[in-house]
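The block underneath contains the structure these notes are about, expressed in structure tokens.
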Amino acid sequence: MEKVIKAHQLTVVIDNVVGRLAHVTGVVADEGVNIENICAYSVDGVAVFHFLTDDNEKARKALEKEGFRVTDTEVILLQLWNRPGSLSTVATKFRQHAINLQYVYGTSSMGGEKMTMVFSSEDNDRAAEVFDSVVLEEAQITI
């Protein structure tokens with residue numbers, strides 16, 4: 001049985017203006033840090049960026065030096081088969097174990113066999129335990 005991956009994402013929350021995505025991602029790129037997953041959105045004039053990188057500490061220092069306030073939060077990564085029902089199967093496991101999700105985002109490449117999903121719940125330790133105990137083939141999950 002394979003295990004889920006616990007990871008840490010960086011979050012930047014700042015007022016939304018034209019070019020903010022270019023600014024935030026440019027600061028990270030200028031340090032040679034790769035953004036592996038990102039979720040960015042705006043609500044009521046506030047831009048929120050959640051991202052995982054190949055070097056969070058380096059990215060954090062660069063962003064803070066640029067004046068951004070950065071928070072670090074634990075998330076759960078699952079790599080699912082990119083086919084109908086995979087995400088629904090995982091969501092059902094969360095529901096069956098009464099695990100409340102705070103958010104989820106993910107991506108796959110066009111025509112890719114797998115997709116990477118990022119989950120944050122009210123209790124990531126418990127969520128990880130649930131998936132550690134699940135027969136991953138049944139849930140169509142691979143790591």
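The values are calculated or read from the model by the stated rules, or taken from the named source; none is laboratory data. Quick caveat, the model's predicted, so the values are computed rather than measured. Because the Cβ atoms are built from the backbone with ideal geometry, glycine has one as well, and the counts that use them run over all protein chains shown. Surface accessibility is based on the protein's heavy atoms, side chains included, excluding ligands, DNA and RNA. Shrake-Rupley method; radii C 1.70, N 1.55, O 1.52, S 1.80 Å.
Evaluation of Val17 against the conditions (1) in contact (Cβ under 8 Å) with a residue 60 or more places away in the chain; (2) farther than 25 Å from Asp125 by Cβ; (3) not polar (S, T, N, Q) shows that the sole unmet condition is (1). Within the range 72-123, the set of residues being closer than 20 Å to Ala7 by Cβ and of a type in the set (Lys, Arg) comprises Lys93, Lys114.
Taken together, Gly106, Gly85 contain a single residue that is open to solvent by 20 Å² or more (accessible area, probe 1.4 Å), over 21 Å from His50 (Cβ atoms) and either among the aliphatic types (A, V, I, L, M) or touching a residue at least 12 places away in the same chain (Cβ under 8 Å) (or both), which is Gly85. Can you work out which of the residues in the range 32-55 that are touching a Leu at 6+ places or on another chain (Cβ under 9 Å) and open to solvent by 30 Å² or more (accessible area, probe 1.4 Å) is farthest from Ser120 (Cα to Cα)? The selected residue is Ile35. Run Gly85 past the list (1) at pLDDT 90 or above; (2) out of contact with any strand residue (DSSP E or B) (no Cβ under 7 Å at 6 or more places or on another chain); (3) of a type outside the set (S, T, N, Q) and report the number of the one that doesn't hold. The number of the failed condition is (1).
Scanning the range 8-59 for residues that are under 18 Å from Tyr103 (Cα atoms) and touching a helix residue (DSSP H, G or I) at 6+ places or on another chain (Cβ under 9 Å) gives His8, Gln9, Leu10, Val12, Ile38, Ala40, Ser42, Ala47, Phe49, Phe51.
With respect to Phe119, determine if the residue is modelled with pLDDT of 90 or more, closer than 30 Å to Asn16 by Cα and in contact with a helix residue (DSSP H, G or I) (Cβ under 6 Å, 6 or more places away or on another chain). No; evaluated as a whole, the condition is false for this residue. On the given criteria, is Val90 buried (at least 16 other Cβ atoms within 10 Å of the Cβ), of a type in the set (A, V, I, L, M) and closer than 25 Å to Ala127 by Cβ? Criteria met by Val90.
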